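Asks: For reference, the structure I am asking about is given below.
Quick note: the coordinates plus some simple rules give every number you see, no bench work behind them. Note that the structure is predicted; figures quoted are calculated from it, not measured. Quick reminder, even Gly has a Cβ in these numbers, built from the backbone with ideal geometry, and neighbours come from all protein chains shown.
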Amino acid sequence: MVNSRPLFDDYWEEKRIKPEDIKDIPMYLTASYSTGLHCEGSFRAFELAQTSRKWLRVHSTQEWHDLYRPEATDDLQRFYDYYAKGIQNGWEAETPRVRLSLLGYDGSITKTIVERPEEQWPPARQHIRRYYLDAATQTLSAVKPVNSASIAHEGHSLTASSVLFLKLPLWAVHLLIIGHGDDFDVVVQIRKISASGELLESLNWSPMPAPGPKVPNVNVAKHLGQQGMLRASHHVSLQPRASEDEVPVYDHCRREAITPGDIVPLLIPIWPLGVVFEAGEGLVLRISGHDMSLPEAEALRLTAPVDENEGQHTVYTGGEYESYLVIPVIEG
């Protein structure tokens, strides 16, 4: 159906749940950063639901592991006891509206923060930072580079097919990019790095029966970092935003073919991700033409690229080109 109906139309609309129509119904939502299918939907449903009786618990593990933890099932039982059985167990008065986990990542000096109470999602105390890409140095900086530069990567490849931008101490990334053909796919990924520059991974349950290097390279076991992706021709379906700080949303109801050789501005939303950093640690922004996350299972691992790409993609930065990463930050 994706091939026959590539745009969002009435066929897809009738299959969409409408959380904005949920009014005055108690909701208990869980969310996981590492779940390839459900991450964005959990957070968006919580934001859009119109009921005042809603609770969000963002756990630090893969969703199947969390689902069967005794602590998790006991917590959900309290919710049902209160609303379904009328048991006065203090649920509304005692339970934080949002419990937010922040990933520390395996091999990091920081520890994962598990279900810290927050008053709302997104947290009210976060503030937005913008980091500009510099293709000349492959770094991210709070100051826009004076000189323009560009860097290219192969669009239609699963190997040696990404460029990295490093920030030493998600929102969205704004890229000025050129591709070949009348359409192309762009994928961005946020990775955490150690103070020594090592790319880190987050193990998806604890305790893990094997050390990190021996854990299978599948997404149910380890999480690399959060992604965002956009097909270039869909950039015309961006919905109006009240401010530049809002997460970009596309309705994907229309497309406009790209003129080969044109530099196209793309505003790519990145799925929610909570990470804790210590001084010296940092992040890497990767840009590619293909999905950079691990497969959910070994049988789903790609052996050839599946995209709309031809030839190289070139990212333009600095000077007249404003390519940047926007991230929300809470200072400890």
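Asks: Which lysines, on any chain, are close to Lys85 with Cα under 25 Å apart, when same-chain ones fewer than 8 places away are left out?
Replies: The reachable lysines, counting only those whose Cα sits under 25 Å from Lys85, are Lys23, Lys54.
Asks: Taking R0 as 30 Å, what FRET efficiency do you get between His38 and Asp74 from their Cβ-Cβ distance, rounded to the nearest 0.05?
Replies: The computed FRET efficiency comes out at 0.85.
Asks: Which entry in [x] 20.7, 65; [y] 22.1, 75; [z] 30.0, 111 is this structure's computed Rg and Dmax of the Cα atoms in Å?
Replies: [x]
Asks: Next question. Let's test the formula: R0 of 51 Å, r as the Cβ-Cβ distance of Ala124 and Ile87. What FRET efficiency results, to the nearest 0.05?
Replies: Efficiency for this residue pair is about 0.95.
Asks: Would you please calculate the Kirkwood hydrodynamic radius of region 16-118 over all C-alpha pairs and express it in Å, rounded to one decimal?
Replies: About 14.7 Å for region 16-118.
Asks: Separation between the Lys18 and Leu199 pseudo-spin-labels, each 7 Å from Cα along Cα→Cβ, expressed in nm?
Replies: Between Lys18 and Leu199, the label points sit 4.3 nm apart.
Asks: Go ahead and run the numbers for FRET between Ala304 and Arg254, Cβ-Cβ distance against an R0 of 30 Å, rounding to 0.05.
Replies: The formula returns an efficiency of 0.55 here.
Asks: Right, next: Can you give the charge dipole size of the chain about its Cα centre, rounded to the nearest 20 debye, using +1 on the beta carbon of Lys and Arg and -1 on the beta carbon of Asp and Glu?
Replies: Roughly 660 debye for the chain.
Asks: May I pose another question? Hey, can you grab everything whose amide H is under 5 Å from the amide H of Lys222? Only 5+ residues off in sequence or another chain; H modelled, so Pro and N-termini drop out.
Replies: Asn204
Asks: Using each residue's phi in region 275-284, evaluate 6.51 cos²θ - 1.76 cosθ + 1.60 at θ = phi - 60° and report the 3J(HN,Hα) Karplus result to the nearest Hz, with x for Gly and Pro.
Replies: For region 275-284, the Karplus-derived couplings read 10, 10, 10, 9, 4, x, 7, x, 9, 10 Hz, x marking Gly and Pro.
Asks: In addition: Placing unit charges on C-beta atoms (Lys and Arg positive, Asp and Glu negative, everything else neutral), compute the dipole magnitude of region 177-332 about its Cα centre in debye, rounded to 20.
Replies: Rounded to the nearest 20 debye, it is 520 debye.
Asks: Give the long-range amide H neighbours of Val98: residues separated by 5 or more places, or on another chain, with amide H under 5 Å away, using H modelled in the peptide plane at 1.01 Å from N.
Replies: Leu56, Glu118
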